Amino acid sequence: MNFILFLLYLSKAMILKTVVLFAVFALCYSAFMPPRYALNNYSPSYTNCGQNDTNFDINGVTFDSPPSLGHNSTMTITGKSINNGFTTGSFSLSLKNSGQSVLTDGTSLNQTHYPADSNYTFQYNLALSSFIPSGNYQLLIQLNQPETFPENEIACINITFSAF
């Protein structure tokens, strides 16, 4: 009987030791957890670099998680059409690190008209290769109306962020 009680005592001690070790591991891991696991959105700094600020008012730029090398991050630009509104046509994107081009992209968008005072959201899945250098990045995004429109530019947004 004493032997069985001893085994029960030992197993309780082992279980307690295992739980304590797991808790210590979890705390240490969370202290060094990469930023991509952050639960809240990341808001980088941005400026309006456009020449035409009469059609679109930028409300904000956010990433669903801080950009990190080797992982995807969804960028969202929100704003509101003003004055005459606009019709989406295309976008172009240029990503640079210390002046060196790292990524260029762009394509046509579905032509949709947004009359004055309409909310507009543009989303882009930014995939940063693990082979590019870490550091500070400059992301230039231009949203344009179809080429047949007299005022082609909808918005130009210059976004800066760090990625590691």
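The values are calculated or read from the model by the stated rules, or taken from the named source; none is laboratory data. Everything quoted here is computed from the prediction, not taken from an experiment. Positions of Cβ are backbone-derived with ideal geometry, glycine not excepted, and every protein chain shown enters the neighbour counts.
Residues considered: GLN145, GLN123. Of these, the only one that is within 21 Å of PRO66 (Cα to Cα), in contact with a strand residue (DSSP E or B) (Cβ under 6 Å, 6 or more places away or on another chain) and in contact (Cβ under 8 Å) with a residue 24 or more places away in the chain is GLN123. For region 99-130, the set of residues classified as under 15 Å from LYS80 (Cα atoms) and β-branched (Val, Ile, Thr) consists of THR112, THR121, listed by residue number.
Residue-level analysis places PHE56 among those that are modelled with pLDDT under 90, more than 16 Å from the chain's Cα centre (by Cα) and closer than 22 Å to THR148 by Cα. Any idea which residue in region 54-89 is surrounded by the most Cβ atoms within 10 Å (Cβ to Cβ), counting only those that are in contact with a Gly (Cβ under 8 Å, 6 or more places away or on another chain) and under 16 Å from ASN152 (Cα atoms)? Per the criteria, the residue is PHE56.
Residue-level check: of (1) at positive phi; (2) surrounded by 13 or more Cβ atoms within 10 Å (Cβ to Cβ), SER92 misses just (1). If you go through region 70-119 and pick out every residue that is at pLDDT 95 or above and touching a His at 6+ places or on another chain (Cβ under 9 Å), you end up with 0.
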